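Worksheet: one structure, shown below.
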Amino acid sequence: MDIRAQVSSVFHLDKCIGCHTCSIACKNLWTDRRGNEYMWWNNVETKPGTGYPTKWEDQEKYHGGWERVGSQLRLKQGGKAATIGKIFHNPDLPTMDDYYEPFTYKYADLTNAPAGTDQPTARAVSMVSGKPMKIAAGPNWDDDLSGSNVYAANDPGVIELSAEQQQQLFAIEKMVMFHLPRICNHCSNPACVASCPSGAIYKRGEDGIVLINQDKCRGWRMCVSACPYKKTYYGWSSGKSEKCILCFPRQEAGEAPACFHSCVGRIRYLGVLLYDADKIEATAMKADGELAAAQREMILDPCDPEVLAAARAAGMAEQIIQAAQKSPIYKFVKQWGIALPLHPEFRTLPMLFYVPPLLPLLSTDHQGTQKLADDFFTSLEQARLPLMYLAGLFAGGNEEEVKAVYRRLIAVRLQRRAATVGDLAEAEVERARTISGLERDTLDAIYRMTSLTRIKERIVVPPLLREQAVEAGMDPEEYKQAMGFGSRKAPKRRW
Amino acid sequence: MADLILFGVFPYVAMALAIGVGLYRYTIDRYSWSSQSSQFLESRALFWGSLPWHYALLLILLAHFLAFLIPAGWGSLLGSPARLILLEVTGMALGITTLIALVILILRRVSNDRVNAVTSRIDWLLLAVLLVQVTSGVYIAISLRWGGAWYVHTVSPWLWSLLKLDPQISYLANLPWIVQLHAVNAFLLVAIFPFSRLVHVVSIPLGYLGRPYQVVIWYRQRRSS
Ligand code: SF4
Ligand code: SF4
């Protein structure tokens, strides 16, 4: 057993209100520079929709992530030699037009225009070339536009659905959508790391954060195409790729990452997971539909004496073990089984999990009073968003995985409704509980964690113990730059 | 005198700059070490420019290098007329390919607003010097036939004399002006190398082939696992 710790997260999609506060917090901290304007290390997209960059999920287009070749895992964009061969032109690289060309307006024209009979205007100019431009897209261009046949209809997940299922989706397209906030998943089998010819990208052993060494990056941009989530970005001005750093400088100071801290809906949970790194490859080799379960299998119980002994033998710090025992992520993913990885079929083993949105109303609405469907699992299957679509997002197409989660979420709701409104027969609640497979106390714990907890329980930042790290003896300035963020000189082109 | 400076002194200056400034930049400002790819801003024209440019150029450089390194072997390789002609034709084709590709790349930088915006003065200088280099090379290939053969008796010994710190400028002084230009301009490229994006040529990431896919860095010593 090769036991490792990973700072992981859960996003509870039922709670996301799509306010983009998280994106702005991140932008103001890390990417408010020339060459980075277009980068949204944290972005929030509307689903169904095409996302950012457009159609990022379509790996026939971008060839991101891994594929199984015989008994081996290989990057979908090609093996190592092929990757080096594509250094002069990477056919899978998205261009700026797949994201959007950043723009601003010539505001000065509003005040500097000579007096005249017409109203002065501020024309849009490109932030790359400075020339006037026609704006074709922007960040969150399709925000809340799920009904649009440009966006929802082109969602790669929707295209996969049968005609019937599509109809089901579009019949109510004007009503149904949800928000999907995305950051780098700090995967356990990261494709970005595997694709970097320079070896500049690495995973930190102690906490699993994936970083790009800015001094080692040579701008070969293979990570941009290899990451199936499109969460590494090419800095077109500096010639370096950059990505989400999970706010490690904040975490090292005991603070929550900025997007977590600022989240208005309080949808974000953070904590340590212990997992068995020896199982990474075998897990990533599983069939699409088994990946989510296999990944859960890889995660270890931080209270199991055997695991503890192995962790201590491997030299894991006591504080990290304690943090793992308090981790809300372990509860969501393992104990309660209500959080799933996004697109596990990309086989990077993402360490950010999502509680899928409980879109279906379980009942029919009669002028304000709700009548539960006789068999609400039937209604679940006739959910507003086809379960197949959600299974395509969170379970490699395995509907059973998603259904199991929904049964639990439904049981929580029914139990709470019975407790607070009291209009449900106890038998009905009991039945939901039985089918969900969770105890009354567990359902209450889920309710507490999703609704009542304070930040210290939602976000359990482990002490990262940097004071004990070997680089304590390093030149702090040099260390800063080699770490993946921070630099001794301004991060821009000089030569 | 001019010959001495150009063929006997300048190559050393260029090499000294390349190594000295290169090392300085690598240690003091490693962040700046990048290919500065602009594919993200424009991909289609780059495909038609960058791919033929790099691959054809690599082959041409390889030929120059082999003929310099093992002149005897190279000479016997060209022993038969068939092989000599084959090499001549291949070289010519590759040279013309690089020229066309370079023109595509230059036009792309001129005409595409985005790419234009990320092109610095040193980039333009580099492109100009490269254009001179490739044009003169193709011109030599066309006007002074069988370069594969005479290179071995003229340029190779000159380069070797430079390497042995005993510059024999007469080898070059007697050659046509266009060859002299090609040679001096080559060292100009060497001199520009550490100041420009050209530094990426020494970063060929062949280590990737032997490396495991995943890279994990531990900060504290692991006791055991
Ligand atoms: S999400 Fe992408 S960038 Fe982040 S670790 Fe995974 S492969 Fe790398
Ligand atoms: S801040 Fe929170 S609620 Fe708002 S969009 Fe981001 S994740 Fe959703």
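The values are calculated or read from the model by the stated rules, or taken from the named source; none is laboratory data. Worth saying up front: this structure is predicted, and the values here are computed from it rather than measured. Note: ideal-geometry Cβ built from the backbone for every residue, glycine included; neighbour counts use all protein chains shown. For accessibility, only protein heavy atoms count, side chains too; no ligands or nucleic acids. Shrake-Rupley method; radii C 1.70, N 1.55, O 1.52, S 1.80 Å.
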Notebook entry, point to check: Going through region A:411-458 one residue at a time, which ones are at pLDDT below 95, aliphatic (A, V, I, L, M) and in contact with a Phe, Trp or Tyr (Cβ under 6 Å, 6 or more places away or on another chain)?
Noted result: A:412
Notebook entry, point to check: Just checking, which of B:62, B:66, B:51 is surrounded by fewer than 21 Cβ atoms within 10 Å (Cβ to Cβ), of a type in the set (A, V, I, L, M, F, W, C) and within 14 Å of another protein chain (Cβ to nearest Cβ)?
Noted result: B:51
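Would you mention how many residues in region A:237-280 are of a type in the set (Asp, Glu) and either farther than 24 Å from residue A:320 by Cβ or within 16 Å of ligand 2 (Cβ to nearest atom) (or both)? Even if it seems obvious, please write down each step before you answer.
Within region A:237-280, the first condition is being of a type in the set (Asp, Glu), and the residues that meet it are A:242, A:252, A:255, A:276, A:278.
From the residues that got through so far, the ones that are either farther than 24 Å from residue A:320 by Cβ or within 16 Å of ligand 2 (Cβ to nearest atom) (or both) too are A:242.
Selection size over region A:237-280: 1.
Can you name every residue in region A:218-243 that is facing another protein chain (nearest Cβ under 7 Å) and either open to solvent by 10 Å² or more (accessible area, probe 1.4 Å) or in a loop (DSSP other than H, G, I, E, B) (or both)?
Step one: list which residues in region A:218-243 are facing another protein chain (nearest Cβ under 7 Å), which gives A:218-221, A:234, A:236-237, A:239-240.
The answer is A:218, A:219, A:220, A:221, A:236, A:237, A:239.
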Notebook entry, point to check: Quick check: is even one residue across region B:175-187 away from chain A (no Cβ under 14 Å), open to solvent by 40 Å² or more (accessible area, probe 1.4 Å) and without any contact (Cβ under 8 Å) to a residue 40 or more places away in the chain?
Noted result: yes
Item checked: Near pairs, Cβ below 7 angstrom, 6+ apart or cross-chain, from region A:18-32 (among the acidic types (Asp, Glu)) to any residue that is in a loop (DSSP other than H, G, I, E, B) and open to solvent by less than 30 Å² (accessible area, probe 1.4 Å) -> none
Margin query: Of everything in region A:251-292, what is assigned to a helix (DSSP H, G or I), in contact (Cβ under 8 Å) with a residue 24 or more places away in the chain and open to solvent by 40 Å² or more (accessible area, probe 1.4 Å)? Give them in sequence order.
Written below: A:252, A:261, A:278, A:281, A:288, A:290
Next item on the list: Within region A:2-46, count every residue that is open to solvent by 10 Å² or more (accessible area, probe 1.4 Å) and at positive phi.
Entry: 2
Notebook entry, point to check: In region A:1-30, how many are away from ligand 2 (no atom under 16 Å from the Cβ), more than 18 Å from the chain's Cα centre (by Cα) and either more than 25 Å from residue A:457 (Cβ to Cβ) or β-branched (Val, Ile, Thr) (or both)?
Noted result: 3
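Here is a check on your reading of the model: is residue A:109 surrounded by fewer than 18 Cβ atoms within 10 Å (Cβ to Cβ) and acidic (Asp, Glu)?
Yes.
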Note to self: Yes or no: region A:75-92 includes at least one residue that is more than 30 Å from residue A:281 (Cβ to Cβ) and not in a helix (DSSP H, G or I).
What the structure shows: yes
Notebook entry, point to check: Mind checking whether some residue in region A:18-40 is within 14 Å of ligand 1 (Cβ to nearest atom) and in a loop (DSSP other than H, G, I, E, B)?
Noted result: yes
Check: residue B:5: within 18 Å of residue B:147 (Cβ to Cβ), away from every other protein chain (no Cβ under 14 Å) and surrounded by fewer than 16 Cβ atoms within 10 Å (Cβ to Cβ), yes or no?
Finding: no
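Would you mention how many residues in region B:139-178 are in a helix (DSSP H, G or I) and over 25 Å from residue B:80 (Cβ atoms)?
Step one: of region B:139-178, the residues in a helix (DSSP H, G or I) are B:139-143, B:147-163, B:170-173, B:177-178.
Those left that are additionally over 25 Å from residue B:80 (Cβ atoms): B:139, B:158-163, B:170-173, B:177-178.
The total comes to 13.
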